[in-house]
Amino acid sequence: MKKITSNLVRGALCPYLWAKTSSIPKNRMENTIYSARVNYLKHLYVVLILLITATSVSAQESAIDITTQGIRVGQDLPEIKLDNVHNYPSTSLKTSDFRGKLIIIDFWASWCSPCISMLPEMDKLQKQFAGKIQFISVTYQKDGEVAPIWKKTFPDQQPSFPYVTGETILHKLFPHIYLPHYVWVAPNGKVNSITGHEAVTAQQIDLMLKKPQVQQTQKKDIKVGHEKQKLLIEQRPESYRSGMIGYSYFSGYIEGLNSEINYHPATIADGKRVTITNYTTSKLFSTAYYDQGYFSSKNMEYQVIDTNVFTRKLPQEQIRDWKRKYAHCLEIVVPYQQRNIKDFYPAMRSVLKTYFPQYNAHIVQREQLCLALIRTNTSETFAAPPGIIGRREVTPYSLKMTSNIFNHFIHPLEAQYLQNEPPIIDQTGYNGLASLDLKADMSSVESINLALAPYGLKFVRKLALAPMLVITDNPDYQKANNQN
């Protein structure tokens, strides 16, 4: 890549510099030709630079198998002379000395526990297949670093295979990232396989000797670009995002964004994503308890020292400044297992607990006047058939809901159409998923009840226990901060 791009730059620069340094035009015609030539080459140079930049970025985004950057499976192992050889008749050897045998090159290091545990196994295999195979153990480390390992591993006698210290040639020919790393060279001198230690067994060696054309499952050492100063989610390689199972993002107020919430299928691991922008702290908490009811100023209570964080009555012109201080943005992606309603909101509450450790939140039941959704008969004509995707569409004069809990029917009524009514609660006792198709004035309880009648449902005003979301200061957090 460096050579290609440097040639492109030279190819672009040379004519450009030639045009700039050629003789000065002597008349108007020459001046016109000269200017056109320079402008053309300027554009050519810009296009080439953009091409080079795009190519470089593309290379950075690709995940590369490092093992393919050297000698590959099926290629010949050249004759190589290795120095710093131990446990061998001489201090050097040539790979051609073992032509006709199955050569297994073991790349290892003193810090690699599996590598060390394989040394005695390799000794056994070398003796078992004596005359047919040859292990060569190589490390980039100096003799002084690895000598204690050999003495400890083989206290009574030297192993039956040579080892090389301070080795660089094979490391360049067979690049890798992870250890243990083994290169199998067939008796004919061709690289047959590149594997991890799990493949180094008597069974595999016997197979390779009988059928040298058979290839094993190849080891892949994948490397992607990683700019350590950036967040993982900001990295260029797509593998960072495609491999993501879940994450959360939390910030303060972001100028220019609306105050809104959007749910999406995450498309990552088939999970679920919620993106909330510029929500007040109270709205974040009420959203996190969405599965347990709709919570607003009617049924939220703040038992905290500083209530300004949650609510404050201010003139309209001061509201934005207050939001700049206390509003937040939150994005959460949950894995596939937590995409359903039952698990998604508890996961969201767990995330909020991380970002707001100074508060505790819990639900209490208090008796008050409510607008309760009840059943008028025992039929379940509203029950959703299995396998239907959950959806909800609400307009001022209609509501269509499929495969959702009744709270998802209640929430838009509380939030928008029946704000002046007392808290709306679900007293149907039905815990499954429901489907409704209503044609009614959503701001009229009477109109909604007419549309609910065929489903055996009705809203009634009554005294009942209704959920209240209570937020308190966390005494443990306060205590820990006072100690610090």
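A short reminder: the numbers here are calculations on the coordinates, not readings from a lab. Note that the coordinates shown come from a computational prediction; the quantities given were computed from them, not determined experimentally. Note that we place each Cβ from the backbone using ideal geometry, even for glycine, and neighbour counts take in every protein chain shown.
Computed about the Cα centre, the dipole magnitude for region 158-235 is approximately 180 debye when only Lys and Arg (+1) and Asp and Glu (-1) carry charge, each at its Cβ. This ranking places ARG324, ARG375 by how few other beta-carbon atoms lie within 10 Å of each, fewest first, which gives ARG324, ARG375.
Report, ordered by chain and residue number, the aspartates and glutamates lying within cross-link reach of LYS127, taken as a straight Cα distance under 15 Å and ignoring same-chain residues fewer than 8 apart. LYS127 reaches ASP206. For LYS325, the lysines whose Cα falls under 18 Å of its own Cα, not counting residues fewer than eight places away in the same chain, are LYS283, LYS313. The phi-based Karplus calculation (6.51 cos²θ - 1.76 cosθ + 1.60; θ = phi - 60°) puts the 3J(HN,Hα) values of region 178-188 at 9, 10, x, 9, 10, 10, 9, 10, 5, x, 7 Hz, whole numbers, x for Gly and Pro.
Converting phi to 3J(HN,Hα) with the Karplus coefficients 6.51, -1.76 and 1.60 and the offset θ = phi - 60°, region 294-301 yields 9, 10, 9, 4, 6, 9, 10, 9 Hz in sequence order, with x at every glycine or proline.
If you take all other residues with their beta carbon under 14 Å from the beta carbon of LEU209, and give Lys and Arg +1 and Asp and Glu -1, the sum is +3.
Coupling constants for region 69-85 follow from the phi torsions by the Karplus curve (6.51 cos²θ - 1.76 cosθ + 1.60, θ = phi - 60°), and in residue order they are 8, x, 5, 9, 4, x, 8, 7, 7, x, 5, 10, 9, 10, 9, 6, 8 Hz; glycine and proline get x. Under the shape rule built on the C-alpha gyration tensor, where the axes satisfy a ≥ b ≥ c, region 144-187 is prolate, since a/c reaches at least 1.5 and a/b is greater than b/c.
Oblate is the label for region 142-240, because a/c, from the alpha-carbon gyration tensor with a ≥ b ≥ c as root eigenvalues, is 1.5 or above and a/b does not exceed b/c. Applying a DSSP loop filter and a limit of 16 other Cβ atoms within 10 Å to the trypsin sites (Lys or Arg not before Pro) in region 81-148 leaves ARG99, LYS101, LYS132, LYS142.
Among the listed pairs LYS132/LYS190; LYS323/LYS400; LYS101/LYS124; LYS94/LYS223, give every one whose C-alpha distance is greater than 26 Å. Check vs 26 Å cut-off fails for LYS323/LYS400; LYS94/LYS223. With a ≥ b ≥ c the root eigenvalues of the C-alpha gyration tensor of region 366-472, is it rounded (a/c under 1.5), prolate (a/b larger than b/c) or oblate? In terms of gyration-tensor shape, rounded.
Excluding same-chain neighbours fewer than eight residues apart, no lysines are reachable from LYS228 by a Cα-Cα span under 18 Å.
The GluC sites (Glu not before Pro) of region 243-326 meeting both criteria, a DSSP state outside H, G, I, E and B (loop) and at most 11 other C-beta atoms within 10 angstrom of the site's C-beta, are GLU255.
Listing ILE388, ILE424, ILE205, ILE194 from fewest to most neighbouring C-beta atoms within 10 Å gives ILE388, ILE205, ILE424, ILE194.
In a reduced charge model with +1 at each Lys and Arg Cβ and -1 at each Asp and Glu Cβ, region 366-472 shows a dipole moment near 100 debye about its Cα centre.
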